Each structure stands twice: as structure tokens, then as C-alpha cells.
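Comments concern the structure below.
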Amino acid sequence: MIRAYVGLGSNLNDPARQVKSALAALNGIPETRCLRYSSLYRSAPLGQADQPDYINAVAMLETHLPAQQLLSELQGIERIHGRVRGAERWGPRTLDLDLLLYGDMRLESEELTVPHPRLAERSFVLYPLCEIAPDLEIYGLGGVQQLMAACRARDTLSCGVLV
């Protein structure tokens with residue numbers, strides 16, 4: 001079994017409902033189970049400012065699936081929720097599922113990079129990640145609590161507010 005962490009976000013079509021529905025759908029992924037998930041957090045959007053705030057969460061999974069297959073399953077859940085890939089980067093979306101971590105592995109391909117390349121910069125990922133795995137050490141980056149403290153010190157966004 002591999003422990004994987006998935007970031008969830010939505011800012012369209014009742015975002016809290018979208019994220020809760022996606023959390024439930026994670027248990028439908030073959031050979032995978034959701035061990036725990038964070039509270040819901042509200043965050044200001046990245047990129048274009050004229051869009052609604054996001055609702056974010058992080059889920060901890062155990063899976064037997066290879067990373068690429070897990071990513072494919074996550075993208076299937078996005079499609080069911082109306083996500084259209086190829087749309088504007090950092091634009092509004094019904095659902096965004098990011099494979100943040102896949103065990104201690106470092107993977108880089110066209111389709112997938114883990115750890116997620118901007119994980120250490122995003123309080124909307126670090127706050128919920130720290131909630132469910134406060135002692136997590138991320139290969140090559142350090143402890144999640146230290147990453148969150150550094151992010152908080154430079155963060156100008158309104159992130160980490162519980163919904």
C-alpha cells in the first residue's frame with residue numbers, strides 16, 4: 001500500500017458540495033481507500049482575481065494503484081463533476097483534484113510531478129495537509145509544519161479560514 005495525498009478545490013456550482021461529493025467519490029477508486037480528510041477551507045483565487053473564492057480540502061489515501069493510474073482515476077472524478085481540462089490555468093472550475101504526494105516517491109513526467117511542484121507555496125494546501133498529517137515529512141521539502149509556517153509568514157492571501 002502507498003499513502004497518497006490529494007488536494008481538492010472548487011469555486012463553481014456550490015463549491016462545498018462539489019468538494020464533499022469528490023471526497024465521497026475517492027472511496028470508489030479501485031484498490032484505494034480514503035483514510036482521512038481535512039476540514040473545508042476557503043481561499044482567495046490564484047491568477048485572475050475576478051472569480052469566486054475556492055473551497056479546499058486535502059484527503060489521505062491508501063492505494064495499490066500506480067501513481068499514473070491514480071491520477072487517471074482522479075481526473076475521471078473531475079470529469080463527472082463537470083471539469084473540462086485545457087481550460088484557462090488558475091481559472092474558475094467545478095473541481096480540481098491534485099495528486100500532491102505519492103508515498104516518498106519523486107516522479108516527473110509530462111502528466112504528473114510529485115511532490116506537487118508548488119505544494120510548499122500554497123497555504124490552501126498546507127493548512128489542510130497539516131490538519132490531517134501534522135508530522136508529515138515531505139521528501140526534499142521538509143516538515144509540513146515548517147512549510148506552513150514559512151508560507152504563513154509570506155502569505156498575503158486570505159487562506160486557511162475554516163468553512
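Distant-in-sequence amide contacts of LEU35, defined by a placed amide H-H separation under 5 Å and a gap of 5 or more residues or a different chain, comprise MET60, LEU61, GLU62.
Using DSSP to call loops (not H, G, I, E or B), can you name the trypsin sites (Lys or Arg not before Pro) in region 1-98 whose Cβ has at most 16 other Cβ atoms within 10 angstrom? Taking region 1-98 and a limit of 16 other Cβ atoms within 10 Å, the loop trypsin sites (Lys or Arg not before Pro) found are ARG85, ARG89. Summarising the label geometry, the points placed 7 Å from Cα in the beta-carbon direction at ARG79 and LEU107 lie 1.8 nm from one another. The Kirkwood hydrodynamic radius of the chain, based on inverse pair distances between different Cα atoms, is 15.7 Å.
Here, each number is a calculation from the coordinates, and none is a lab measurement. This structure is a prediction, so every number in the text was calculated from the model and none was measured. All Cβ positions, glycine included, derive from the backbone under ideal geometry; neighbour counts span all protein chains shown.
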